[in-house]
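Below you'll find the structure, written out as structure tokens, and then a few comments.
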Amino acid sequence: MLFLATHKKIAGIVLTKETCDMSEPSVAALSPDMAAPLIRVAGVTKRFGGVQALRGVNLEVLPGEVHALLGENGAGKSTLIKILSGVHACDQGVIEIDGARVAFDSPAKSRGAGVAVVYQDLSLVESMSVGANLMLGREPRTRFGFVKKRELMAHVGEFLKAHGIPLDPRAMVGSLPFAYRQMTEICKALMGDVRVLILDEPTSALTGGEEEILFKAIRTVTDRGVGVIYVTHRLNEVFRISQRVTVFRDGANAGSYTTAQTNMKELVAAIVGPGHAAMHAREVAAGTPRVLASGLEAKPVLTMTNVSNDRLHDVSLMVRQGEIHGLAGLIGSGRTEILQTLFGLREVTQGTLAINGQQAERLTPAAAIKLGIALVPEDRHVEGLVLDHSIERNLTLPWLTRFSRAGWLQSDAAAQQAKSAMKLLAVKAPGPNTQVKFLSGGNQQKVVFAKWNNPRPTLLLLDEPTVGVDVGAREELYAVVHDAARAGTGVLVVSSDLDELLRLCDRISIVVDGAIVNTVDRERVSNAEALHHLIQLPRFQEEPAT
């Protein structure tokens, strides 16, 4: 609970005027009314050089409310989150918690005020256990300063059990799949003394079962009066978890709605603008049928025969020219490991791989690229991009030999390639020399895709291809995938978004414990619920989809 008093700094909060500088609070602000907003943002602006990131935005969150915050990449959501978390200071406007005007000049002071943020970019220590990460900075200690490890693990274990979260407190974070690392980050926020919880794309890598665990945890904290700001690009989640919705567009408010009184079409219109509403309403609908470009008579671009290694067990899989083939399964099922094996990141210990009929032995990433295999990885920040490098450098990294002469980079050719790729994928940036770390999530993902667009790959591997990508950019990426398939590329896609698999894929294979246990044509699966049912079936038990 946040206690207020007549001091300039309270629980790490700086009390402020409307311009966000320091001032004494009013008497009314010291008597918070639980019917009043828990947190109120009014007229907040923020400029970065010549870019106006926020243009007087407003947002109110009530105690015990889940308030969805929507908008395209670059709409201003992340900037507001960073202001509320103390990373940035606002230029103008009012921020209040429990009626008292505040400004945070550091993340520590934001946390001290009870504001907890879970970013898409995880802030975990991978060399430490789950339990140590969750209790970092608040470990139980002896009077000599030593950590009481047994007490720490017991406390964390009780918390995880109470919330039904399938994490082992002793597991090393670095050994966990990305989705479980994401869940660890969420638990770290939930375990604190939270008044306002901000979740930025919390389900981006979670499957249906893990989503339900998260939603249950959210309901638990809102029952305690915690206010939740829920940022997502998955619009179906808005109707499952939130009570109200605010939409940002171009750094300004584009609409506020009671969830029960709005619909998908209205939200999409607010997000992308009325001029594009009709098109995008169709885009977010699950599953416009796509005609298989080459038909089942097309030759295979990938043939896996009884492939095994440290994570896979007797995997056999075929992907044909022009086919988009999905891999569905629970977290840790082996979906990602199949892609890693195909890209040479995991050794094949048994079985064979063939690309366009050519046997691939002792596969490495460099050899995979020469064979025409391209990978869009799950974690773009760690595995897909060099954030401190420019767009141009990121795009040319896999193809340095193409743009080099006698060991010197041909900068003009590289720049032309980058400009062409940026235009084709509609990457929003000042130019090819822009550092990737300054791009929105959707534009960063476009850069990852653009690396593999010219020359076109024989086999395109996509691991959670639209994580953190807004509704507009998502459709642009879908178009890139469809264009590649129409040109004869075989596509193998892993996604926790089952609607996305149904939207994209011609066939879908179910992965359980490192093995493919079932493969179905898209036409046999009527909806995401039916596909989720197939994933949940016991291993090797096949049942027709409905």
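Odds and ends about this structure:
- Check on residue 159, crowded, with 22+ Cβ neighbours inside 10 Å and over 19 Å from the mean Cα position of the chain (by Cα): no
- Test: residue in the range 117-128 that is touching a helix residue (DSSP H, G or I) at 6+ places or on another chain (Cβ under 6 Å), in a helix (DSSP H, G or I), over 21 Å from residue 237 (Cα atoms) and not assigned by TED's automatic domain parsing to the domain that holds residue 251: no
- Assessment of the range 136-146 against the conditions (basic (Lys, Arg), assigned to a strand (DSSP E or B) and in contact with a Leu (Cβ under 9 Å, 6 or more places away or on another chain)) yields no matching residue.
- One residue alone among 361, 383 is at pLDDT below 90 and under 19 Å from residue 493 (Cβ atoms), and that residue is 383.
- Answer residue from the range 457-476, given it is surrounded by fewer than 22 Cβ atoms within 10 Å (Cβ to Cβ) and out of contact with any Gly (no Cβ under 6 Å at 6 or more places or on another chain) and is farthest from residue 428 (Cα to Cα) among those: 475
- Any helices (runs of 4 or more DSSP H) falling wholly within the range 155-245 and containing at least 1 residues that are of a type in the set (Gly, Ala, Ser): 178-190, 208-223
- Number of the exception - residue 63 against (1) out of contact with any helix residue (DSSP H, G or I) (no Cβ under 7 Å at 6 or more places or on another chain); (2) outside any loop (DSSP other than H, G, I, E, B); (3) at pLDDT 90 or above: (2)
- Output for the range 144-171, where each listed residue is among the acidic types (Asp, Glu) and over 11 Å from residue 184 (Cα atoms): 151, 158
- Qualifying residue in the range 299-322 (condition: farther than 24 Å from residue 349 by Cβ, in the same structural domain as residue 346 (by TED's automatic domain parsing), modelled with pLDDT of 90 or more and outside any loop (DSSP other than H, G, I, E, B)): yes
- Residue 356 being touching a Lys or Arg at 6+ places or on another chain (Cβ under 8 Å), under 25 Å from residue 318 (Cα atoms) and not basic (Lys, Arg): yes
The values are calculated or read from the model by the stated rules, or taken from the named source; none is laboratory data. The model shown is predicted, which means the values in this text are computed figures rather than measured ones. Here the Cβ is made from the backbone with ideal geometry for all residues, glycine too, and neighbour counts use every protein chain on show.
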